[in-house]
C-alpha cells in the first residue's frame, strides 16, 4: 500500500504553475498518479481540461515525456508508444522498465474515445488508462456527456419548464471495461489519496491493460465552492453515488464501505447543478435517483460476497 511519507519525497513530475481552475480535481489526480508511477513514465493526454491547462505553449507542467493526442485517440497513441518500446526491448536497444499511462476526461473516454480505449484493451497493450471523470464536457462549455448523471443541469440538457436537466442515466463505463475481461479495473476518487495511489500502484504491477475511473469534482461545472473539492469526492463515496471498488483476477473487491450511508440529497445539496432536485415538486425524480443508487450498491455488495466466502 502506498506510503504518504515516501510519496511526498518523490520529485514533482506534475508541477505547479499550470492554468487549472482553483480547486481543480484533475490536477490532483494527475499529481498523485505520477507520484506512484515515477520518472520512468510516458504519458499520453487526450484533448481536454488537463491537457489544456498543463501544456500551453511554450510551457508544460509535465516533468516526463508527454504526448498530446486528439480527443478520441489517447489510448491508441499510448498503445503505439508501448508497441515501439517492446520492439526496442526485443532488439536489445532498451532495457529499462517504463510505465505507459493515458489520461482522458469523460468526454474523451466515455464518448469520443471509447472505440480507441476498447481497441487498446482488446489488443492487450501493457498500459494504464486513467479517466478523470468530471461528468461533462467542462473544457468546452459544460455540455452533457455519457458520464453526466440523471437530473444534472448542463448547457445542452438545461433545467426548464419542460425538462429537469439530463433525462438519461449515466453510462456505467467501469462495468463496460470489466466486460472486456481485462486484468485490472477500478474506481477511485479525488479526495481519497490512499485509495487512488494504492490502486495505481497495484495497476502498474500487473501486466496488460488496466483502467481506473476516477471521479473528479469540478467546481466550474458542478457549481460548488472550490475549497471543498476533496470533500465533494468523499461525499460522493459516502452516498454510494461513486463506490470505491476494483475488479482483479475476475473478482470484485469493495475498497471502502461507508460506516453510515448518506442520502443522495446530501451529495446534491452543495452543487448548483442539482439544486432543482431538492425542490418539493421534483421529489419523484430525486426518489428515482436514490433508488438507482441503492440498487447498484446492493448489487455490488452481492458481487463481492462470493470472493469473501472462499
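The values are calculated or read from the model by the stated rules, or taken from the named source; none is laboratory data. Small disclaimer: the values here were computed from a predicted structure and weren't measured. Note that each Cβ is placed from the backbone with ideal geometry, even for glycine, and that neighbours are counted across all protein chains shown.
Quick notes on this structure:
- Residue match in region 197-210 (condition: surrounded by 16 or more Cβ atoms within 10 Å (Cβ to Cβ) and under 26 Å from residue 152 (Cα atoms)): no
- Subset of region 213-269 that is modelled with pLDDT of 95 or more and on the phi > 0 side of the Ramachandran plot - its residue that is surrounded by the fewest Cβ atoms within 10 Å (Cβ to Cβ): 223
- Residue pairs whose Cβ atoms lie under 8 Å apart, sitting 6 or more positions apart in sequence or on different chains, and linking a residue in region 280-302 that is at negative phi to a partner that is assigned to a helix (DSSP H, G or I) and surrounded by fewer than 14 Cβ atoms within 10 Å (Cβ to Cβ), are 286/278.
- Scanning region 92-113 for residues that are without any contact (Cβ under 8 Å) to a residue 24 or more places away in the chain and under 17 Å from residue 212 (Cβ atoms) yields no hits at all.
- Filtered residue count, region 174-200, keeping only those that are within 23 Å of residue 271 (Cα to Cα) and not in a loop (DSSP other than H, G, I, E, B): 4
- Where residue 203 falls short, out of the listed (1) over 20 Å from residue 103 (Cα atoms); (2) part of a helix (DSSP H, G or I): (1)
- Hey, residue 145 surrounded by 23 or more Cβ atoms within 10 Å (Cβ to Cβ), outside any loop (DSSP other than H, G, I, E, B) and at pLDDT 95 or above or not: no
- Of residues in region 97-132 being touching a helix residue (DSSP H, G or I) at 6+ places or on another chain (Cβ under 9 Å) and in a loop (DSSP other than H, G, I, E, B), the one surrounded by the most Cβ atoms within 10 Å (Cβ to Cβ): 113
- Sole exception among (1) within 22 Å of residue 147 (Cβ to Cβ); (2) within 19 Å of the chain's Cα centre (by Cα); (3) not in a loop (DSSP other than H, G, I, E, B) for residue 285, by number: (2)
- Residue 235 vs. criteria under 20 Å from residue 154 (Cβ atoms), in contact (Cβ under 8 Å) with a residue 24 or more places away in the chain and part of a helix (DSSP H, G or I): no
- Residues within region 20-56 that are out of contact with any strand residue (DSSP E or B) (no Cβ under 9 Å at 6 or more places or on another chain), on the phi < 0 side of the Ramachandran plot, part of a loop (DSSP other than H, G, I, E, B) and surrounded by 14 or more Cβ atoms within 10 Å (Cβ to Cβ), tallied: 3
- Just one residue in the set 167, 135 is in a loop (DSSP other than H, G, I, E, B) and buried (at least 22 other Cβ atoms within 10 Å of the Cβ); that residue is 135.
- Checked against the criterion of being in contact with a helix residue (DSSP H, G or I) (Cβ under 7 Å, 6 or more places away or on another chain) and over 24 Å from residue 192 (Cα atoms), the candidates 14, 71 yield just one match: 71.
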